1. Count the DSSP beta bridges whose two residues both fall in the protein assembly as shown, then state the antiparallel fraction as a percent rounded to the nearest 5.
2. Out of all DSSP beta bridges in region A:3-220, what portion is antiparallel? Express it as a percent rounded to 5.
3. Do any trypsin sites (Lys or Arg not before Pro) in region A:87-150 lie in a loop, going by DSSP, with at most 15 other beta-carbon atoms within 10 Å of their beta carbon, and if so which?
4. Using a 1.4 Å probe on protein heavy atoms, which residues of region B:42-68 have at least 30 Å² less accessible area in the complex than alone?
5. Which distances, in nm and shortest first, link the C:Arg142 label point to the same label point in every other copy, taking 7 Å along Cα→Cβ?
6. If you take every residue apart from C:Pro53 with its C-beta less than 13 Å away from the C-beta of C:Pro53, what net charge results, scoring Lys and Arg +1 and Asp and Glu -1?
7. With the cut-off at 1.5 for a/c, could you classify region B:96-232 from its C-alpha gyration tensor as rounded, prolate or oblate?
8. Given the rotation that superposes chain A on chain C, what residue of A brings its beta carbon nearest the axis, and what is the distance in Å?
Number of protein chains: 4
Amino acid sequence: MLEKLKKEVWEANRALFHSGLITLTWGNVSGISHADGLFVIKPSGVEYAEMSPDDMVVVDLNGNVVEGKNRPSSDTATHLELYKAFRGIGGIAHTHSTYAVAFAQALKEIPCLGTTHADHFFGAVPVTRLLTEQEVDNAYERNTGMVILERFKQVDPLTMPAVLIAAHAPFCWGNSASDAVKNAVALEAVAKMAFDTLQLAPDIGELPRHVLQKHYERKHGVNAYYGQNKEQ
Amino acid sequence: MLEKLKKEVWEANRALFHSGLITLTWGNVSGISHADGLFVIKPSGVEYAEMSPDDMVVVDLNGNVVEGKNRPSSDTATHLELYKAFRGIGGIAHTHSTYAVAFAQALKEIPCLGTTHADHFFGAVPVTRLLTEQEVDNAYERNTGMVILERFKQVDPLTMPAVLIAAHAPFCWGNSASDAVKNAVALEAVAKMAFDTLQLAPDIGELPRHVLQKHYERKHGVNAYYGQNKEQ
Amino acid sequence: MLEKLKKEVWEANRALFHSGLITLTWGNVSGISHADGLFVIKPSGVEYAEMSPDDMVVVDLNGNVVEGKNRPSSDTATHLELYKAFRGIGGIAHTHSTYAVAFAQALKEIPCLGTTHADHFFGAVPVTRLLTEQEVDNAYERNTGMVILERFKQVDPLTMPAVLIAAHAPFCWGNSASDAVKNAVALEAVAKMAFDTLQLAPDIGELPRHVLQKHYERKHGVNAYYGQNKEQ
Amino acid sequence: MLEKLKKEVWEANRALFHSGLITLTWGNVSGISHADGLFVIKPSGVEYAEMSPDDMVVVDLNGNVVEGKNRPSSDTATHLELYKAFRGIGGIAHTHSTYAVAFAQALKEIPCLGTTHADHFFGAVPVTRLLTEQEVDNAYERNTGMVILERFKQVDPLTMPAVLIAAHAPFCWGNSASDAVKNAVALEAVAKMAFDTLQLAPDIGELPRHVLQKHYERKHGVNAYYGQNKEQ
């Protein structure tokens, strides 16, 4: 079932591991087939080096495991809520990368301070509110998804493919599992750049709007001219 | 004698070396067989790449070497005190990893600022007091163990598998030598995250108690649901 | 056409990638043949590991692609302006390396605080002004070149082979594509050193002029005595 | 001539390169045969990966090259002054490692804040004064050696095997070329630890004297008990 998607998700999990963003087993990637109403996700707590495509777990949009000998990632319910609400996305990557986590723990969004950021994220990367005690005690992972959706009421997930969960860590997404991993890599890089910039110039303002617009559209707009084709 | 344990301890020492936490020969791992009343530890000052399982040293709970052609780690007496007092642990890892050392040198505990920390350590990672001149002059390594035990009078070593020795470095422990190494890796990662968070938000408070409880129990509680089984 | 130069530029792009300065596809290197009035540049958005010399794109000094199956780097127009104005240079490297970007985003030049810096850059590395909205909307990449040239009216590009574009990133250049990459590596290293120095001593002054002069000329002056010959 | 020493110095230069402390060709190691009154040093500006033992240069204690097809390191005159004054040392390593340079550029010694430091350096690592304009203009590298010796009038080079040259970088030494490299590695590690500690606790005091004494002697004293023998 979904052999191609399982291989893609497996490869994306391995790419995430080789990106250097992962400590121990802290992170997971999933990918969805909207046609089938199914997504594929990393098994929970398994070492990246020891996984094969067959270890990936297939889950339906009610959150039920429909194939796979392993238990799915403990964050599966969060992935599920994002897939149900963000219909244009094809993959999700979750990491505990250091600088993105530092902003999440500081309860601060990552301000857009330069063109590197603008190339990937259309403005400051938002941070959710903290979950209430009740939200933590019941259906914690599902509620983690819900506070992301609450934060994205006025935000377009297709131009802002990342969020920081307060006191937790980032979730990123994209056109595919592989694209979500690239956004996770970009997020950590721009988080470190913003961190360093704020050490040098604590009161620096955000990138002017016209530069943000230009850089984002150069890569992602209808007249994009970065890369070898518009789909890239 | 204890061939399996010697191999495990040798592998854990090598895993520690490959984790990137080790500079030169600054670090050592041990593992215990409670049934035999013996523990196995790295030899002192030997290069990680040049060790074999047979270079490991077997020590009894009186601190006597009972097998091994090498002198055991100079920190052996510290390991011994921890094994005698913390009966539920199977392995100990000692490193001089950079950010954990920075907190130890700053005489500050590592505050629990997010879920990454809470997944591994149930609250702020404690720091000992400085040793007195007398404690340094006589049985220094044993007294290093004693100030850890003094600090842990009100702390459960099974939910807090790490300590910072003031102006020195961390000791970590776990179910096994391999598990102790994982905790040493986790400790350095959360120390760096806390360091960066404090740069961004010096007055940030600790993670709310209900989130700490949730994350720790999700991985380690009686109803743990992270990983493929409860033992993991 | 220009097989030797294409190979050099390809190798320089790969050297840049292996230097650790590159995240994803953020960076590009070009090299020029002044005799032919042509330069060779990396294709846009292509993975470094997957490129061959034949993927390099040949561009003339009017900015027209004269050979190559790929679209050239989106930054080609910036390279073009630099080649037209800086006649003594043979190659250009553009990166988004972290610490150089941090200074660029902070709108601060990199002060010359030590001899490592002086060995490569004759004084503080300049930062451009921000582009106006009009400059961004029309011929953005060409105008990026123009603000560099504006900043270099009183600066000699042969003794200052680097610039920070405000809120963007560095451009470096040199005698060849390979030399430009070395300057990009040196720039990131001295940017990190300056960053750390400013954390330790925010009010530290610049390196005294006579030391700057000595170190720069030791490597690059007519009586240079670093390396095995004066050309190095 | 001196084949064994040339091989040792070549290996030490390669070990330094693989330590990660070296950017481009910024660094060099030498070793001395006191019996022969000759020392062996890296050639200037040569890539580490491309050197062989035969590329090493043999220099006498008047600073004359007595064997070698390459020009010796541009820092040879500094090495020479140290060998003439510090008769107990066998090797010297010079790097531009990032955190040691940051302290040197900040004109600050590296305070001894913990046992990692005390294990290698008996107290704060000293920093020289800046050279005068006259000292820079004439015999610059020799005068670099002279300001080190001036700073070490009251310091024992055998218990303090490192110095920071103001606004420049560290020199380290040891029993052998290989030992000098280990001290260079230790210096960068403790510099980073001190840097981070000062971010967390700017007013932290130095390590109490009795702990400094204990740790240094545990490794280096007449009753040393670290490692497999006293010579280590």
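The values are calculated or read from the model by the stated rules, or taken from the named source; none is laboratory data. From a predicted model like this one, the values you see are computed outputs, not experimental measurements. Cβ coordinates were reconstructed from backbone atoms using ideal geometry, including for glycine residues, and neighbour counts include every protein chain displayed. Just the protein is used for accessible areas: all its heavy atoms, side chains included, with ligands, DNA and RNA removed. Shrake-Rupley method; radii C 1.70, N 1.55, O 1.52, S 1.80 Å.
1. On the way: 96 of 100 bridges.
Antiparallel bridges make up about 95 percent of those DSSP assigns within the protein assembly as shown.
2. Values: 24 of 25 bridges.
Around 95 percent antiparallel, to the nearest 5.
3. Working: sites: A:Arg87, A:Lys108, A:Arg129, A:Arg142; in loops: A:Arg87, A:Lys108, A:Arg129.
Within region A:87-150, the qualifying trypsin sites (Lys or Arg not before Pro) (loop, at most 15 other Cβ atoms within 10 Å) are A:Arg87, A:Arg129.
4. B:Ser44, B:Gly45
5. 5.8, 5.8, 8.2
6. Values: positive: C:Lys4, C:Lys6, C:Lys7, C:Arg14, C:Lys42, C:Lys69; negative: C:Glu3, C:Glu8, C:Glu11, C:Glu50, C:Asp54, C:Asp55, C:Glu67.
The answer is -1.
7. Values: a/c = 2.04, a/b = 1.37, b/c = 1.49.
Judged from the Cα gyration tensor, region B:96-232 comes out oblate (a/c at least 1.5, b/c at or above a/b).
8. A:Gln199, 5
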